[in-house]
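One structure below.
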Amino acid sequence: MNFLFAATSYIIARVFSYPIIYVFRGLFGDIHIGLFKYIHLNYLYILLISFIILDYSQYIWHRFNHIIPFFWRFHKVHHSDSELDSSTAFRFHFGEQFFSQFFRFIVVILFFIPLEFVLIYDFISLFFIIFHHSNIKFKYDNIFSNLIVTPYIHTIHHSKEFNELNSNFSVIFSFWDRIHRTLNKRPDISNIKIGLIEMSERDAKQFWEIFFWPFKKKIF
């Protein structure tokens, strides 16, 4: 089921996003905006700064999806999975991916981030997203979570409990949550109930029902 969502979201989003970013950068190329039009740094420094900017923008976008009701209508499809594993990393509604690309365009234009750096970030971040959605356990997870997002802290984010659901928004670097005081850690995650409190495990596996959620007048 999660890979059905992947077919209607990730693939569609990636097919259209990079060409549009390329076109947008071309259209705005002569306009004097964008951080990297004014600073002259080594290629690797620009790559590092771009990586940090893109990761922080993902944190901001993730919080928007939880705070703004309209975006939550789409993002809750991701949280409806009652069994957290690596496939959950692909369980995104195409509507969320569509709006996320517009947010990405704004970031890319404001900082004039090279397209190849966007590709590099997306390639690396995808591996991190698959990793921190996985149900693997390793000895030093709690230690690594001080720097990067691990299954330990992201499992908390998929909790049915409101305070845990609205925490741990980071994608790669976990310190964004620490800076904004949205980091949530608990000693034991084995008893966390995954999913949405308003729906049953059976309903969470009805693809077309969930697919059309965001377009209904009333959804829980």
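The values are calculated or read from the model by the stated rules, or taken from the named source; none is laboratory data. These numbers come from a predicted model, not from an experiment. Every residue, glycine as well, gets a Cβ built from its backbone with ideal geometry; the counts of neighbours run over all protein chains shown. The protein model used for the area step is the full one, side chains on, heavy atoms only, and it has no ligands, DNA or RNA in it. Shrake-Rupley method; radii C 1.70, N 1.55, O 1.52, S 1.80 Å.
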Accessible-area order for 172, 11, 189, largest to smallest, probe 1.4 angstrom, reads 11, 189, 172
A student applying the Cα gyration tensor rule (rounded when a/c is under 1.5; otherwise prolate if a/b is larger than b/c, oblate if not) would label region 94-184 prolate
log10 I(q)/I(0) for region 49-102, Debye formula on C-alpha points only (no solvent), q = 0.15, 0.16 Å⁻¹, two decimals, reads -0.46, -0.52
Taking a crude spin-label model, label points 7 Å out from Cα along the C-beta direction, the residue 125 to residue 85 distance in nm is 2.6
Descending accessible area (1.4 Å probe), largest on the left, turns 139, 185 into 139, 185
Any residue on another chain or 5+ positions along whose placed amide H is under 5 Å from the amide H of residue 148 is listed here as 174
Whole-Hz Karplus couplings 3J(HN,Hα) for region 119-131, θ = phi - 60° and coefficients 6.51, -1.76, 1.60, Gly and Pro as x, run 4, 5, 4, 4, 5, 6, 5, 4, 5, 5, 5, 5, 4
The correct ranking of 162, 102, 127 by accessible area at 1.4 Å, largest first, is 162, 127, 102
Length gained if residue 161 through residue 206 is fully extended, taking 0.36 nm per residue and subtracting the Cα-Cα distance, is 13.9 nm
